Amino acid sequence: TTLVPARVEIPERTVWVDLHLITDLLAKARHAATLACAPFSHFHVGAALIMADDPDHTVITGANVENSSLSLTQCAERTALYFAAAQGFRKLRYLAVSCAATTPATPIRDRSPCGSCRQVIREFSTPETLIFLDTGGPHLGADVFDVDRLLPHGFLFKGRPAS
């Protein structure tokens, strides 16, 4: 048996962003990581986001919160997204994620959202949504993804209302 990976053709995109806004989001994600409650893993993660349907473009932050039952642990990305959803927002514009232990040598796989978070991010994403993964250097920088690059072949319920 030969395993052949399913391929996704994703066309190249050029996007323009406000660098001051993105560096501010990254800084707030880094700060949120310092507030994480991670007594078991000691893996501190912070997230900062802006919802596209928030007319005030409020920056919402979240941090991971661990629990001794582990299955009740909450990731930073979902903490921030669920807080935004609780305020009535449904369309994610920008999400910055920062892991406190990240250095410029940290591979993307060791600092990117888990599978559950990727699915939740997809639920709130539009084609314009951008995800920034902090590179961890002394100067704020990030690897940039859209949702199709973050979660190729992602599931969307066919009965989902149009965004």
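Just the residues that are in contact with a strand residue (DSSP E or B) (Cβ under 7 Å, 6 or more places away or on another chain) and surrounded by 15 or more Cβ atoms within 10 Å (Cβ to Cβ), please, taken from segment 52-72. If the condition is that a residue be in contact with a strand residue (DSSP E or B) (Cβ under 7 Å, 6 or more places away or on another chain) and surrounded by 15 or more Cβ atoms within 10 Å (Cβ to Cβ), then 52, 59, 60, 61, 62, 63, 64, 65, 66 are the ones that fit. Note on segment 93-122: among residues that are part of a strand (DSSP E or B) and farther than 14 Å from residue 61 by Cβ, the one that is least open to solvent (accessible area, probe 1.4 Å) is 99.
A search for C-beta distances below 8 Å between a residue of segment 25-44 that is over 20 Å from residue 72 (Cβ atoms) and any residue that is of a type in the set (D, E, K, R), counting only pairs 6+ apart in sequence or on different chains, returns 26/134; 29/134; 30/134.
Annotation: residue 78 fulfils all but one of (1) charged (D, E, K, R); (2) within 14 Å of residue 47 (Cβ to Cβ); (3) touching a Pro at 6+ places or on another chain (Cβ under 8 Å); the unmet one is (3). Taken together, the residues in segment 58-86 that are over 14 Å from residue 116 (Cα atoms), in a loop (DSSP other than H, G, I, E, B) and without any contact (Cβ under 8 Å) to a residue 24 or more places away in the chain amount to 3.
The values are calculated or read from the model by the stated rules, or taken from the named source; none is laboratory data. Just so you know, these numbers come straight off a predicted model, no measurement behind them. Here the Cβ is made from the backbone with ideal geometry for all residues, glycine too, and neighbour counts use every protein chain on show. In case anyone asks, the SASA skips ligands and DNA or RNA and just uses the protein heavy atoms, side chains included. Shrake-Rupley method; radii C 1.70, N 1.55, O 1.52, S 1.80 Å.
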